[in-house]
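Here's the structure we're looking at; comments come further down.
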Amino acid sequence: MDVKLRIHRFVEGRKWEQDYTVTLKTGMTVLEALIEIKEKQDPTLSFTCSCRSSICGACAVRVNGNAELACEMLVENLVKRYDTNELIIEPLGNFKVIRDLVVDWDPKYARIKKIKPVVQPKPEFSKETGCKQSPEDFNKYKKYAGCILCGSCVSECNKNSLNQSDFLDPFVFVKAEKLVADSRDKSPEEHLKAVVDAGLWRCFNCQECTAKCPKGLDPAGAIEKLKEATFAKKLDDNVGARHAKAIYDDISESGTLDESKLNIKSEGFLMAGLRAPMALRLMRVGKMNPLDKHKVNPEIETIRKIVKNAEAAAKEAE
Amino acid sequence: MKYALFPGCVLEGAAAEAYTSLNKVCDKLGIEIEEIPNWTCCGASHAQGVNDFAALVINARNISIAENMGLDIMTVCNTCTLQLRTAKARLDKDAKLKEKVNKVLKESGHPYEYKGTSKVTHFLWILDEHPELLDGKVVNPLHGVKIAAYYGCHILRPQEIMNHGDGKHPEYMERLIRKLGAEPVWFDGSRKCCGFHAQLAAEHDVLTVTGQIVDSAGRAGAMAIATPCPLCQMQLDMYEPEGREAVHSQAEVPILHLQQLVGFALGMSKEDMGFDRHVSAQAKLKIG
Ligand code: SF4
Ligand code: SF4
Ligand code: FES
């Protein structure tokens with residue numbers, strides 16, 4: 001079977017789409033198809049790759065709108081998924097494109113630097129004794145140490161697509177969580193503060209990053225862990241944190257969300273007051289009635305105990 | 001066919017029409033639902049950012065009540081589905097964690113332990129897995145009606161947890177729309193996140209994406225957007241005017257709960273489906 005690859009080209013300011021045809025072989029990866037095109041059809045086509053075995057992260061591209069590692073993804077699987085023998089190959093989204101499928105990592109490295117991306121060793125470590133930690137402590141961040149910086153997670157990040165200036169890339173949050181959870185670091189607060197300032201609470205929780213990570217690192221989960229750590233370190237004075245806390249508190253106060261009060265708790269009376277036109281709109285169609293009394297779960301005492309006991313158990317495990 | 005229903009806060013509050021329409025539609029389809037007694041909020045994808053373990057135990061409690069009813073759980077909200085399924089997946093693969101959670105449930109006086117016997121599924125998935133439920137019941141096939149299927153994030157991702165269809169290229173909602181006689185339309189915003197969970201923290205961006213989604217569906221000729229998530233519905237419906245302003249669009253598109261669309265095909269009216277409680281584009285809906 002022949003497969004048509006429609007490749008987005010970009011050379012010296014000129015953009016176009018170019019079609020190439022390759023014959024599908026069993027086990028052929030997207031990267032093999034690209035290499036075949038470059039070697040046999042068009043030497044001007046540019047893309048990056050290095051390890052060809054899902055380790056270096058250099059080969060990530062978008063196929064039909066989803067980021068994939070080209071050296072890992074089989075063409076036949078894509079043909080099956082999209083039920084077509086025409087695939088659209090583009091450079092990763094939310095990156096500056098240098099040429100064809102090659103993207104610019106320099107601005108991303110500059111963003112990584114915002115979180116002070118190195119372990120700052122505790123004073124008890126020395127040249128003589130080293131910087132050791134127990135396997136249990138290593139396991140706390142081991143998963144996040146596996147990032148190969150492929151950029152797949154940011155390619156379709158919904159927040160990044162709208163505005164990158166006040167929000168980091170998912171892999172930067174992964175790196176930050178690795179450092180915050182690393183027992184060797186003397187001041188997780190410093191990384192955390194930088195992360196809060198650089199947009200932690202602006203994440204949409206859309207899970208695109210987690211869905212795209214070829215290493216299964218769960219960047220969206222890393223973001224949640226960072227949020228949890230900001231509460232422990234009292235870095236929670238912002239609207240996002242107050243909103244999350246209001247929801248959490250509603251569970252132990254009544255069992256369910258008290259929607260009519262959520263904005264007031266999260267934003268304060270003044271900001272919530274500015275939303276009055278929205279409240280009026282909702283009242284008009286009967287979606288909100290400020291006079292309604294919020295129901296309290298009949299088992300609230302047990303629920304409160306669950307929250308309290310769970311908090312104590314979590315603390316003990318720290 | 002009977003399920004323990006986890007309605008979630010929003011069906012009890014702002015999206016009460018989603019609950020009444022669900023009841024009526026399930027009744028017609030022969031799906032029996034019984035609300036999980038004294039369920040609590042799933043954490044709405046925020047509680048785990050405050051205290052992950054407490055949020056996990058809260059959901060273990062919710063699931064354990066359904067287990068005691070001897071039923072699988074049906075949800076109608078993407079976010080509730082993700083929270084419950086995440087809790088279940090974590091507990092089912094980690095015996096130590098399950099033990100820890102059960103210890104907290106027990107010492108707090110909750111009568112049941114979490115066992116892992118109830119599945120957690122979504123109304124949309126039930127219809128997808130049992131297309132025969134609709135056989136012979138579509139008395140008002142929605143011929144000529146173009147519908148934009150808006151899945152929302154949490155029913156698709158992460159695949160490892162949600163695991164129904166292909167999260168990167170889902171088609172099951174379009175399949176259902178066709179089964180109802182209507183025509184699904186492809187639109188640019190179909191895979192974008194509505195931003196609901198960041199409405200307060202990133203307001204401008206969220207209104208922009210809300211506007212983009214509605215605008216792209218409108219441009220694709222959609223007569224309505226249908227979604228299986230009441231939170232997406234709320235975001236797109238309530239903030240449609242601000243979204244329009246943010247992207248300078250003219251699009252006015254009604255935003256339907258999935259069960260309302262199904263209800264129309266089953267012959268029910270706008271009044272039956274509580275459509276008068278919608279904020280945007282009331283006059284534009286030409287079905288029901
Ligand atoms: S969950 Fe947050 S970081 Fe991940 S893709 Fe969505 S908006 Fe981006
Ligand atoms: S977190 Fe995953 S997707 Fe993102 S850069 Fe690292 S390995 Fe790639
Ligand atoms: S070439 Fe190294 S990850 Fe694909």
message: Along the charge dipole of chain A, pointing to its positive end and built from +1/-1 on Cβ of Lys, Arg, Asp and Glu, which listed residue (A:GLY93, A:VAL154, A:ILE303) has its Cα farthest out?
response: A:ILE303
Dipole of the protein assembly as shown [Lys/Arg +1, Asp/Glu -1 at C-beta], most positive-end residue of B:VAL25, A:HIS8, B:PHE196: A:HIS8
- prompt: What's the average, rounded to a whole number, of partner chain beta-carbon atoms within 10 Å of each residue's beta-carbon in B:8-15?
  reply: 5
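Shielding of B:34-47 by partners, i.e. mean partner chain Cβ atoms within 10 Å per residue?
Working: counts 0, 0, 0, 3, 7, 4, 13, 11, 3, 5, 10, 6, 12, 8.
Neighbouring Cβ atoms belonging to other protein chains average 6 per residue here.
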Residue-averaged [θ]222 nm for the protein assembly as shown, counting only DSSP H segments that reach four residues, each worth -39500 (n - 2.57): -13000 deg cm²/dmol
field: Local net charge near B:GLY116, Cβ-Cβ under 15 Å (Lys/Arg +1, Asp/Glu -1)
entry: +4
task: Could you tell me the distance between the Cα centroids of the stretch B:153-202 and the stretch B:250-264, to the nearest Å?
output: 15
query: How would you order B:205-215, A:99-109 from highest to lowest mean count of nearby Cβ atoms within 10 Å?
result: B:205-215, A:99-109
query: Rounded if a/c is under 1.5, else prolate if a/b beats b/c, else oblate: with a ≥ b ≥ c from the C-alpha gyration tensor eigenvalues square-rooted, which is the protein assembly as shown?
result: oblate
message: Quick check for you: which residues of the stretch A:119-157 have the amide N under 14 Å from the point 7 Å beyond the Cα of B:LYS96 toward its beta carbon?
response: A:135-141
task: Please list the helices of chain B that count as membrane-span-like by this rule: a mean Kyte-Doolittle hydropathy of at least -1.0 together with Cα atoms stretching 15 Å or more along the helix axis, each helix being a complete DSSP H run.
output: B:16-29, B:52-69, B:78-93, B:95-107, B:203-219
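Are there trypsin sites (Lys or Arg not before Pro) in the stretch B:195-288 that DSSP puts in a loop and that have at most 12 other Cβ atoms within 10 Å, and which ones?
On the way: sites: B:ARG219, B:ARG244, B:LYS270, B:ARG277, B:LYS284, B:LYS286; in loops: B:LYS270, B:LYS286.
Hits after loop and neighbour filter: B:LYS286.
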Packing-based order for B:18-26, A:31-39, B:253-261, using average beta carbon neighbours within 10 Å, highest first: B:253-261, B:18-26, A:31-39
query: Along the charge dipole of the stretch B:156-288, Cβ charges K/R +1 and D/E -1, which of B:LEU176, B:CYS232, B:ALA281 sits furthest on the positive end?
result: B:LEU176
- request: For A:GLU124 and A:THR21, compute 0.36 nm times the residue count separating them, minus their Cα-Cα distance, and round to one decimal in nm.
  value: 31.0 nm
field: Buried accessible area, chains A and B (both chains, 1.4 Å probe, Å² to nearest 100)
entry: 5400
- line: Averaged over the residues of A:252-261, the number of partner chain Cβ atoms within 10 Å of each residue's own Cβ comes to 5
statement: Restricted to the protein assembly as shown, the DSSP antiparallel beta bridge percent, nearest 5, is 50
- request: Hydropathy first: keep DSSP H helices in chain A averaging at least -1.0 on Kyte-Doolittle, then drop any whose Cα extent along the axis falls short of 24 Å, and list what survives.
  value: A:300-317
- line: The answer for A:VAL103, listing residues at least 5 apart or on another chain whose modeled amide H is closer than 5 Å to its amide H, is A:ILE98
FRET efficiency for A:ARG14 and A:CYS56, using Cβ-Cβ distance with R0 set to 25 Å, rounded to 0.05: 0.30
statement: Looking only at aspartates and glutamates whose Cα falls under 15 Å of A:LYS80's and that sit 8 or more positions away or on another chain, we get A:ASP2, B:ASP166, B:GLU171
- request: Report the FRET efficiency, 1/(1 + (r/R0)^6), for A:ASN139 and A:LYS233, where r is their Cβ-Cβ distance and R0 is 35 Å, rounded to 0.05.
  value: 0.95
- prompt: Cα gyration tensor of the stretch B:117-235, axes a ≥ b ≥ c as square roots of the eigenvalues: rounded (a/c below 1.5), prolate (a/b > b/c) or oblate?
  reply: oblate
message: If R₀ is 35 angstrom, what is the calculated FRET efficiency for the pair B:ASN38 and A:MET283, using the beta carbon separation as r and rounding to 0.05?
response: 0.75
- line: Computed about the Cα centre, the charge dipole of the protein assembly as shown from +1 Lys/Arg and -1 Asp/Glu charges at the Cβ has a magnitude in debye, to the nearest 20, of 860
- request: Over the stretch A:247-315, give the accessible area per residue in Å² for a 1.4 Å probe, as an integer.
  value: 58
task: First check a/c for the stretch A:138-243, with a ≥ b ≥ c the square roots of the eigenvalues of its C-alpha gyration tensor; if it is under 1.5, answer rounded, and if not, answer prolate when a/b is larger than b/c or oblate otherwise.
output: oblate
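The values are calculated or read from the model by the stated rules, or taken from the named source; none is laboratory data. On a predicted model such as this, the values are computed, not experimentally measured, just so you know. We place every Cβ from the backbone using ideal geometry, glycine too, and count neighbours over all the protein chains shown. Ligands, DNA and RNA are stripped out before the accessible areas are found, and what is left, the full protein with its side chains, is counted by its heavy atoms. Shrake-Rupley method; radii C 1.70, N 1.55, O 1.52, S 1.80 Å.
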